[in-house]
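Participant: One structure follows; several queries about it will come next.
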Amino acid sequence: MTLHAELANHFAEASDSSDFATGLSLLEHQGLISVTGGDADKFLQGQVTCDLRELDQAHSSLGARCNPKGRMQSSFRIWRTADGMLLSLARELVAPQLADLGKYAALYRQCQLADQSDNWAGFGLWGEHAEQALTAAGFQPPAEDNGVSRSGDSIALRLPGAAYAIWTPIAEAKALLQTLTDHASLVSANQWQLRQIQSGIGQVTGPTLETFIPQMLNLQHLGGVSFRKGCYTGQEIVARMQYLGKLKRRMYRLLMAGDAPPKPGTEVVDRDSGKAVGEVVIAARGDKAVELLAVLQKDAAQLETLSLGATDGPLLTLSELPYEQTLAAAEAE
């Protein structure tokens with residue numbers, strides 16, 4: 001049995017209830033890409049929406065990689081390592097992104113790309129005793145969102161709402177897990193996904209590949225898009241939308257009765273008109289309802305006739321994002 005299989009087996013009976021003080025999830029759905037070498041910054045700066053000149057060893061950043069039409073091929077969190085950078089993204093997108101990036105990296109003599117998904121293990125940690133768990137594992141808990149802390153070769157990244165994504169070399173994962181579980185309960189990946197939804201953090205997955213521009217996932221409000229960095233693939237479209245266009249679709253948080261989360265890419269339909277007005281980004285089961293993030297036409301978001309998948313599908317109810325006021329203020333300008 002591989003070390004990854006052992007970890008998965010350890011979490012096989014993790015709780016799917018939200019009745020816990022501190023939760024610890026296995027981030028099996030996330031993969032890692034490393035970009036290393038003397039030309040890593042120069043290469044990647046021309047590929048992603050965030051500005052690597054503003055990325056230091058003490059901070060991580062959200063970001064995206066777009067096609068020439070500004071449609072996202074992946075969204076990720078990126079941080080610096082001793083010899084380059086690591087990007088965490090949807091695991092099913094690692095191979096296609098490596099293949100596409102490789103065509104451009106070949107032009108840079110000192111730039112190497114690699115799939116590191118099997119070499120690292122990722123954990124999601126949040127709740128009442130999260131900082132205590134981090135301290136026990138040798139981390140100095142980051143004081144602000146996007147902060148980075150290190151303990152040996154392991155890395156803790158602070159996310160909005162005092163949650164942490166922890167990445168550790170796979171050989172050290174069992175020992176770290178033992179320490180963390182002294183302070184946290186094992187919970188399902190669904191609970192981590194639910195927490196991301198409640199924090200308003202979407203992600204591009206296989207079914208939504210090249211569906212959204214960054215602003216549709218509110219990345220400009222989450223620090224994942226720089227409008228000062230200069231040229232990168234898709235930059236002209238992204239910048240034009242920011243300064244000259246009018247964004248007609250963006251991401252909202254919605255609730256749905258039931259316990260079966262829809263798959264990313266599932267249509268959101270207006271029952272009255274029968275027209276599709278959006279797509280699901282990610283979804284998860286909550287205790288009382290399914291919660292989801294979906295990109296919707298802004299003029300349809302307030303409708304009380306939104307349903308999932310078809311005109312006779314489950315009704316959807318609009319809920320709030322934690323940064324809804326910031327979005328509303330920006331849209332009012």
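The values are calculated or read from the model by the stated rules, or taken from the named source; none is laboratory data. Note that the structure is a prediction, hence the values are computed from the model and not measured. Cβ sites come from the backbone with ideal geometry, for glycine too, and all protein chains shown count toward neighbours. Note: accessible area is taken over every heavy atom of the protein model, side chains too, but ligands, DNA and RNA are not part of it. Shrake-Rupley method; radii C 1.70, N 1.55, O 1.52, S 1.80 Å.
Participant: Quick one: is Asp272 closer than 22 Å to Leu194 by Cα and either without any contact (Cβ under 8 Å) to a residue 24 or more places away in the chain or open to solvent by 30 Å² or more (accessible area, probe 1.4 Å) (or both)?
Facilitator: Here the answer is no, as Asp272 does not meet what is asked.
Participant: A further question on this structure: In the stretch 206-227, is there at least one residue being open to solvent by 10 Å² or more (accessible area, probe 1.4 Å), touching a residue at least 40 places away in the same chain (Cβ under 8 Å), closer than 18 Å to Leu32 by Cβ and not acidic (Asp, Glu)?
Facilitator: Yes: one or more hits.
Participant: In the stretch 101-115, what residues are assigned to a helix (DSSP H, G or I) and either in contact (Cβ under 8 Å) with a residue 40 or more places away in the chain or acidic (Asp, Glu) (or both)?
Facilitator: Of all residues in the stretch 101-115, those assigned to a helix (DSSP H, G or I) come to 101-105.
Selection gives Leu101, Tyr104, Ala105.
Participant: I need the full set of residues from the stretch 275-296 which are part of a loop (DSSP other than H, G, I, E, B) and within 25 Å of the chain's Cα centre (by Cα), in order please.
Facilitator: Step one: of the stretch 275-296, the residues part of a loop (DSSP other than H, G, I, E, B) are 275, 286-289.
Residues satisfying the conditions are Gly286, Asp287, Lys288, Ala289.
Participant: In the stretch 142-192, which residue that is at pLDDT below 95 and closer than 27 Å to Ala283 by Cβ is most open to solvent (accessible area, probe 1.4 Å)?
Facilitator: By that ranking, first place goes to Gly161.
Participant: Being open to solvent by less than 10 Å² (accessible area, probe 1.4 Å) and closer than 20 Å to Arg91 by Cβ is the filter here; which residues of the stretch 48-64 pass it? Steps first, answer last, please.
Facilitator: First, the residues of the stretch 48-64 that are open to solvent by less than 10 Å² (accessible area, probe 1.4 Å): 48-50, 52, 60, 63-64.
Selection gives Val48, Ser60, Gly63, Ala64.
Participant: Is it true that Asp299 is part of a loop (DSSP other than H, G, I, E, B), in contact (Cβ under 8 Å) with a residue 60 or more places away in the chain, more than 21 Å from Ala90 (Cα to Cα) and among the acidic types (Asp, Glu)?
Facilitator: Values: part of a loop (DSSP other than H, G, I, E, B): yes; in contact (Cβ under 8 Å) with a residue 60 or more places away in the chain: no; more than 21 Å from Ala90 (Cα to Cα): yes; among the acidic types (Asp, Glu): yes.
No.
Participant: Tell me the residue from Met256, Met241, Met251 that is modelled with pLDDT under 95, of a type outside the set (Gly, Ala, Ser) and surrounded by 14 or more Cβ atoms within 10 Å (Cβ to Cβ), please.
Facilitator: Values: Met256 fails: modelled with pLDDT under 95; Met251 fails: modelled with pLDDT under 95.
The conditions single out Met241.
Participant: Going by the conditions given, is Gly124 under 20 Å from the mean Cα position of the chain (by Cα), touching a residue at least 60 places away in the same chain (Cβ under 8 Å) and outside any strand (DSSP E or B)? Explain how you work it out, then say what you get.
Facilitator: On the way: under 20 Å from the mean Cα position of the chain (by Cα): yes; touching a residue at least 60 places away in the same chain (Cβ under 8 Å): yes; outside any strand (DSSP E or B): no.
No: the conditions fail for Gly124.
Participant: Hey, another quick one. Quick one: which of Ser60, Ser15, Ser75 is touching a strand residue (DSSP E or B) at 6+ places or on another chain (Cβ under 6 Å) and over 29 Å from Ala239 (Cα atoms)? Please lay out each step first, then the result.
Facilitator: On the way: Ser60 fails: over 29 Å from Ala239 (Cα atoms); Ser75 fails: over 29 Å from Ala239 (Cα atoms).
Exactly one residue qualifies, and that residue is Ser15.
Participant: Please state which of the following conditions Asp312 fails to meet, knowing it meets all the rest: (1) farther than 28 Å from Gln191 by Cβ; (2) outside any loop (DSSP other than H, G, I, E, B); (3) open to solvent by 80 Å² or more (accessible area, probe 1.4 Å); (4) not hydrophobic (A, V, I, L, M, F, W, C).
Facilitator: Here Asp312 meets the rest and fails (2).
Participant: Which one of the conditions (1) farther than 18 Å from Leu296 by Cα; (2) without any contact (Cβ under 8 Å) to a residue 40 or more places away in the chain does Gly245 fail to meet, given that it meets all the rest?
Facilitator: Checking Gly245 against (1) farther than 18 Å from Leu296 by Cα; (2) without any contact (Cβ under 8 Å) to a residue 40 or more places away in the chain, the one that fails is (1).
Participant: Considering only the stretch 21-37, I want to know if a residue exists there that is more than 25 Å from Ala95 (Cα to Cα) and open to solvent by 20 Å² or more (accessible area, probe 1.4 Å).
Facilitator: Kept after step one, since they are more than 25 Å from Ala95 (Cα to Cα), are these residues of the stretch 21-37: 21-24.
Cutting the leftovers down to open to solvent by 20 Å² or more (accessible area, probe 1.4 Å) gives us 21.
Yes, there is a match, as at least one residue in the stretch 21-37 is more than 25 Å from Ala95 (Cα to Cα) and open to solvent by 20 Å² or more (accessible area, probe 1.4 Å).
Participant: Could you please let me know if Leu306 is at pLDDT 95 or above and either more than 24 Å from the chain's Cα centre (by Cα) or crowded, with 22+ Cβ neighbours inside 10 Å (or both)?
Facilitator: Details: at pLDDT 95 or above: yes; either more than 24 Å from the chain's Cα centre (by Cα) or crowded, with 22+ Cβ neighbours inside 10 Å (or both): yes.
Spelling it out, Leu306 is indeed at pLDDT 95 or above and either more than 24 Å from the chain's Cα centre (by Cα) or crowded, with 22+ Cβ neighbours inside 10 Å (or both).
Participant: Pairs only if they're at least six apart or on different chains, beta carbon under 9 angstrom, first in the stretch 83-100 and at positive phi and charged (D, E, K, R), second at pLDDT 95 or above and surrounded by fewer than 15 Cβ atoms within 10 Å (Cβ to Cβ); list them, first residue then second.
Facilitator: none
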